[in-house]
Amino acid sequence: MKAISIMQPYADLIADGDKAIENRTHDSFRHRGEIAIHASKTSKYLTAGALREYVTGAIVAVGNLVAVLDKEEIESRGEETPNEYPEGCTENTWGKLAASLHCEGPYCLIIENVRRVVPYEINGQLGVWDAGPLKYVDGEGCGTLVLDESLRPPKPSGAE
C-alpha cells in the first residue's frame with residue numbers, strides 16, 4: 001500500500017473527513033488510488049504539548065488519492081463550473097474545492113473516500129512511499145490494516 005506522511009493536526013482532519021485537500025509545493029505525485037494517511041512525528045503547526053494529544057508516527061486512515069490539481073485551476077473552475085466534478089472526483093465539485101479553507105496550493109492533492117483505521121505504527125517518509133503489503137479490513141466504526149503476504153512480491157528463485 002502506498003502512503004503519504006502528513007503533519008498533525010491535518011492528518012486527523014483528513015481521517016475525520018474534515019479536510020479533502022492536502023497541499024504540496026510540487027505536482028510530482030503520479031500515484032492515484034488507495035493511499036494510507038500517515039501522521040508524521042513532527043509538526044510545525046503545534047506546540048510539543050499540543051502534539052502529544054495526537055497520534056503520531058502511525059497510519060491513521062486510508063483513502064483514495066483521486067487527483068492533483070493546481071490551486072489556480074480550482075479557483076477559476078470553481079467560479080466558471082462550480083457544480084461539475086474534476087476528473088476522478090466523486091465527492092468534491094470544483095465549487096466545493098474552491099470554497100475549502102484548505103485550498104492553499106500551489107498543488108492540491110484531492111483525497112476522497114477516507115476511512116479511519118486503528119493506528120498502525122510505522123516510520124514515515126517524504127513523498128508517496130511504500131508502506132508494505134498492507135490491506136484495509138473494514139471494522140465496526142474503525143478499520144484495521146493487516147499484513148497481507150499475498151501482496152508481497154515473490155522472492156527470486158534461490159533467495160532465502
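Relative contact order of the chain, taken over Cα pairs closer than 8 Å and 6 or more residues apart, is 29 percent. Across the range 33-86, C-alpha contacts under 8 Å between residues 6 or more apart give a mean separation that, scaled by the residue count, equals a relative contact order of 43 percent. Positive end of the dipole of the chain (Cβ unit charges, origin at the Cα centre): among ALA61, TRP129, CYS103, the Cα lying farthest that way belongs to TRP129. Using only side-chain charges placed at the Cβ, +1 for Lys and Arg and -1 for Asp and Glu, the dipole size of the chain relative to its Cα centre rounds to 580 debye. Taken along its three principal axes, the alpha carbon spread of the chain comes to 59, 42, 33 Å, from the longest extent down to the shortest.
Each DSSP beta bridge with both residues in the range 1-75 is either parallel or antiparallel, and the antiparallel ones are about 60%. Taking amide hydrogens as placed 1.01 Å from N in the peptide plane, the amide H of GLN8 sits under 5 Å from those of SER40, each at least 5 positions away in sequence or on another chain. Angle of helix 71-80 to the longest C-alpha principal axis of the chain, folded into 0 to 90 degrees and rounded to 10: 50°.
Grouping the Cα pair distances of the range 43-83 into 10 Å bins from zero gives a pair-distance distribution of 21, 25, 26, 27, 2 percent in increasing distance order. DSSP finds beta bridges in the chain, and of those with both partners inside it, around 80 percent are antiparallel.
The numbers here are math on the coordinates, done by the rules we state, and not lab data. Computed from a prediction, not measured in an experiment: that's the story for all the values here. In this analysis, Cβ positions are derived from the backbone assuming ideal geometry, glycine residues included, and neighbour counts consider all displayed protein chains.
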